[in-house]
Amino acid sequence: MMTSSSSSRTAAPSGQPRLRIRGLRKSFGDRTILNGIDLDVPAGKSTVIIGGSGNGKSLLLRCILGLIEPDEGTIEIDGENIIGASRSRRETLLKRIGMLFQNAALFDSMSVMDNVLFGLTAKSHGRRRDRATQEKEALRLLEQVGLGPHVAPLNPAELSGGMQKRVGLARALAGQPDILFFDEPTTGLDPIMSAVIDGLISSCVTQRGATALTITHDMTSVTRIGDHAAMLYGGKIIWQGPANTLMHSGNPIVDQFTHGRLDGPIPTSGMTANPAEKR
Amino acid sequence: MRALSLPFIFLGRGILGGLHHAGALSLFALRGLGGIFRLPVYGQVILSCLVEIGFLSLPVVALTAIFSGAVIALQSYSGFSQYHAQNAVGGIVVMSITKELGPVLAGLMVAGRIGAAIAAQIGSMRVTDQIDALNTLATDPIKYLVTPRLVAGILALPFLVLIADILGVAGGFIVAVGKLGFSPALYIHATHASLHSHDVLVGLLKAAVFGFLITLLGCYEGYNSRGGAEGVGRAATATVVASSILILAFDYLLTDLFFTA
């Protein structure tokens with residue numbers, strides 16, 4: 001379904017992770033959510049971060065995207081620290097990034113076509129193309145994510161959750177990004193639609209050569225899309241390794257989470273929103 | 001001792017909170033206005049905001065102006081006739097409308113109709129991650145959402161007030177001639193004699209300020225709304241209340257500045 005992109009890509013220097021996070025901290029008042037995150041995301045691979053609800057997975061993603069300013073730490077993309085970067089520099093970096101939000105975050109005042117066109121024009125890298133060419137490109141992107149031209153004039157509210165996510169993915173892919181972020185892409189979808197979305201994410205990595213970072217707590221998704229996996233717990237990355245070893249990590253916290261056991265080191269009664277809050 | 005200091009604690013917190021809010025609003029306004037001087041120009045967004053704020057507000061502003069002019073004509077006639085000063089009715093109508101009622105009533109109507117809509121629109125975009133999505137699409141949400149609305153507010157309100165001025169005077173004319181038995185020629189003459197370009201221009205200036213305040217508050221409250229649908233509702237209410245109060249406060253300040261010097 002996906003085709004490889006012909007655009008030139010900025011590759012990470014060999015051996016260097018595409019995304020490198022060190023000592024990332026973020027607190028809200030006396031609530032510490034991220035408490036010293038260290039994470040490497042290798043280039044051209046799919047990395048998945050798992051963790052319980054309220055553990056700060058989405059917050060971590062928002063810090064990486066510059067939507068929330070962290071208190072401490074560094075976030076490097078291809079060796080460049082993006083924290084404190086100027087607005088124009090960040091906009092340049094964001095043109096290489098695609099993001100699929102948990103609820104797709106489609107612009108509800110625009111049609112599906114206009115949503116995808118927005119992605120195309122916003123990340124056009126200075127290229128000016130006529131409307132007809134852009135519409136053709138938008139239809140091609142919708143086709144890539146398995147949607148026909150009949151959805152183009154519809155409003156997002158007229159689409160199912162799975163279709164909205166696919167439109168969100170088409171919009172995210174419009175700028176031919178080489179780094180992709182997915183925030184709980186299969187949450188709220190039926191198993192078949194989850195498999196479709198997972199397939200699209202895998203295609204982005206294998207066929208487009210993109211680097212992907214996915215936040216999820218869907219274990220089936222992890223095994224389907226992940227090359228590498230990491231677990232966020234207590235405001236820290238407590239485990240990271242190949243995704244195919246996640247279910248047998250040997251770490252009691254990871255094992256309890258991945259197997260959904262009630263007994264183990266993760267408290268299940270009187271749970272706080274975030275274990276880091278106890279500090 | 002603690003009980004005695006409580007009122008001062010609340011007062012201090014209130015003052016600090018108010019100053020914080022005013023500072024944040026000023027910075028937000030500067031960022032919004034700063035967008036006018038940065039590329040790209042979202043011409044189509046500005047145009048659609050002009051239609052929404054200006055053209056679609058026309059019916060409500062027009063009706064308000066017509067009835068206001070009509071009421072002033074009736075009220076001033078009943079008062080002035082006691083002193084045999086009925087001839088002043090035309091002048092009173094045109095002065096009231098151009099100096100005060102045109103800009104203020106149009107401002108209040110637009111605050112209710114557009115201020116709340118802007119706050120709800122941007123607020124729902126905030127709580128559904130659409131503003132974050134704009135950011136990730138390398139688009140400055142202030143430049144894309146706020147600047148066009150500020151520009152449209154500043155341009156559309158004077159246009160609305162100009163029409164309100166004309167229709168308000170027409171409302172007074174209809175009542176004076178049709179109901180109170182005034183001669184059309186005499187009424188028009190009295191109106192013309194009291195119509196001053198300075199009054200109209202200051203009224204239009206007031207309208208531009210009100211347009212800026214309404215759109216600024218709508219954008220600010222919407223942009224900073226939190227807590228789902230309830231938060232969006234609070235933002236809409238806060239916009240209408242705050243912009244109504246600010247319209248009246250700035251009306252006083254501008255009147256003091258331009259008409260009492």
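The values are calculated or read from the model by the stated rules, or taken from the named source; none is laboratory data. Computed from a predicted structure; not experimentally measured. As a convention, Cβ positions derive from the backbone with ideal geometry for all residues, glycine included, and neighbour counts pool all protein chains shown.
When A:167, A:116, A:112, A:151 are checked against the criterion of being closer than 22 Å to residue A:221 by Cα and either buried (at least 22 other Cβ atoms within 10 Å of the Cβ) or modelled with pLDDT of 90 or more (or both), A:167 stands alone in meeting it. When every residue of segment A:140-152 is checked against the conditions, none turns out to be more than 10 Å from chain B (Cβ to nearest Cβ), part of a helix (DSSP H, G or I), touching a Pro at 6+ places or on another chain (Cβ under 8 Å) and closer than 17 Å to residue B:134 by Cα.
A single member of A:44, A:84, A:66 is touching a Lys or Arg at 6+ places or on another chain (Cβ under 7 Å) and either outside any helix (DSSP H, G or I) or within 14 Å of another protein chain (Cβ to nearest Cβ) (or both), and it is A:66.
Can you confirm whether residue B:136 is free of Cβ contacts under 8 Å to residues at least 40 places away in the same chain, touching a strand residue (DSSP E or B) at 6+ places or on another chain (Cβ under 7 Å) and either more than 19 Å from residue B:239 (Cα to Cα) or within 14 Å of chain A (Cβ to nearest Cβ) (or both)? If you could, list the steps in order and put the result at the bottom.
Working: free of Cβ contacts under 8 Å to residues at least 40 places away in the same chain: yes; touching a strand residue (DSSP E or B) at 6+ places or on another chain (Cβ under 7 Å): yes; either more than 19 Å from residue B:239 (Cα to Cα) or within 14 Å of chain A (Cβ to nearest Cβ) (or both): yes.
Criteria met by residue B:136.
Scanning segment A:164-188 for residues that are assigned to a loop (DSSP other than H, G, I, E, B), touching a Ser or Thr at 6+ places or on another chain (Cβ under 9 Å) and of a type outside the set (Asp, Glu) returns A:174, A:175, A:176, A:185, A:186, A:187.
Pairing each residue of segment A:104-122 that is without any contact (Cβ under 8 Å) to a residue 12 or more places away in the chain and at the interface with chain B (Cβ under 8 Å from one of its Cβ atoms) with any residue that is aliphatic (A, V, I, L, M) and assigned to a helix (DSSP H, G or I), provided the two are 6+ apart or on different chains, yields no C-beta distance under 7 Å.
Yes/no per residue for (1) crowded, with 20+ Cβ neighbours inside 10 Å; (2) acidic (Asp, Glu); (3) within 19 Å of residue A:42 (Cα to Cα):
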residue: A:195; (1), (2), (3): no, no, no
residue: A:200; (1), (2), (3): yes, no, no
residue: A:223; (1), (2), (3): no, no, yes
residue: A:244; (1), (2), (3): no, no, yes
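Any chance segment B:208-228 includes a residue that's of a type in the set (Val, Ile, Thr) and surrounded by fewer than 24 Cβ atoms within 10 Å (Cβ to Cβ)? Yes, the conditions are met somewhere in segment B:208-228.
If we scan segment B:145-166, do we find a residue that is within 14 Å of chain A (Cβ to nearest Cβ) and within 27 Å of residue B:64 (Cβ to Cβ)? Yes, that holds for at least one residue. Every test in (1) basic (Lys, Arg); (2) within 19 Å of the chain's Cα centre (by Cα); (3) farther than 23 Å from residue B:209 by Cβ is passed by residue B:99 save one, and that test is (3).
Across segment A:214-259, what is the total count of residues that are free of Cβ contacts under 8 Å to residues at least 12 places away in the same chain and either aromatic (Phe, Trp, Tyr) or at positive phi (or both)? So the count comes out to 1. Can you find a residue in segment A:247-258 that is among the hydrophobic types (A, V, I, L, M, F, W, C), under 24 Å from residue A:98 (Cβ atoms) and outside any loop (DSSP other than H, G, I, E, B)? Looking through segment A:247-258, none of the residues is among the hydrophobic types (A, V, I, L, M, F, W, C), under 24 Å from residue A:98 (Cβ atoms) and outside any loop (DSSP other than H, G, I, E, B).
Considering each of A:168, A:161 in turn, give the residue that is within 14 Å of chain B (Cβ to nearest Cβ), in contact with a strand residue (DSSP E or B) (Cβ under 7 Å, 6 or more places away or on another chain) and closer than 19 Å to residue B:124 by Cα. Spell out the reasoning first.
Numbers: A:161 fails: in contact with a strand residue (DSSP E or B) (Cβ under 7 Å, 6 or more places away or on another chain).
Going through A:168, A:161 in turn, the sole match is A:168.
Check B:88, B:62, B:116 and return the single one that is more than 16 Å from residue B:213 (Cα to Cα), crowded, with 20+ Cβ neighbours inside 10 Å and out of contact with any strand residue (DSSP E or B) (no Cβ under 8 Å at 6 or more places or on another chain). Outline the logic, then answer.
Details: B:88 fails: crowded, with 20+ Cβ neighbours inside 10 Å; B:116 fails: more than 16 Å from residue B:213 (Cα to Cα).
Only one candidate passes the filter, namely B:62.
Say whether the condition of being more than 28 Å from residue B:150 (Cβ to Cβ), over 18 Å from the mean Cα position of the chain (by Cα) and of a type in the set (Lys, Arg) is met by at least one residue in segment B:10-18. Yes, segment B:10-18 has at least one match. When residue A:59 is tested against (1) within 14 Å of residue A:183 (Cβ to Cβ); (2) within 14 Å of chain B (Cβ to nearest Cβ); (3) not in a helix (DSSP H, G or I), only condition (3) is not met.
Considering only residues that are surrounded by fewer than 18 Cβ atoms within 10 Å (Cβ to Cβ) and not hydrophobic (A, V, I, L, M, F, W, C), which ones fall in segment A:26-44?
Within segment A:26-44, the subset surrounded by fewer than 18 Cβ atoms within 10 Å (Cβ to Cβ) is A:27-31, A:36, A:38, A:40, A:42, A:44.
Residues satisfying the conditions are A:27, A:29, A:30, A:31, A:36, A:38, A:40, A:42, A:44.
Checking the stated criteria, residue A:75 turns out to be away from every other protein chain (no Cβ under 14 Å), at pLDDT 90 or above, outside any helix (DSSP H, G or I) and under 21 Å from residue A:178 (Cα atoms). Can you report the number of residues in segment B:201-230 which are at pLDDT 90 or above, of a type outside the set (D, E, K, R) and either out of contact with any Leu (no Cβ under 8 Å at 6 or more places or on another chain) or at positive phi (or both)? Final tally of qualifying residues: 6.
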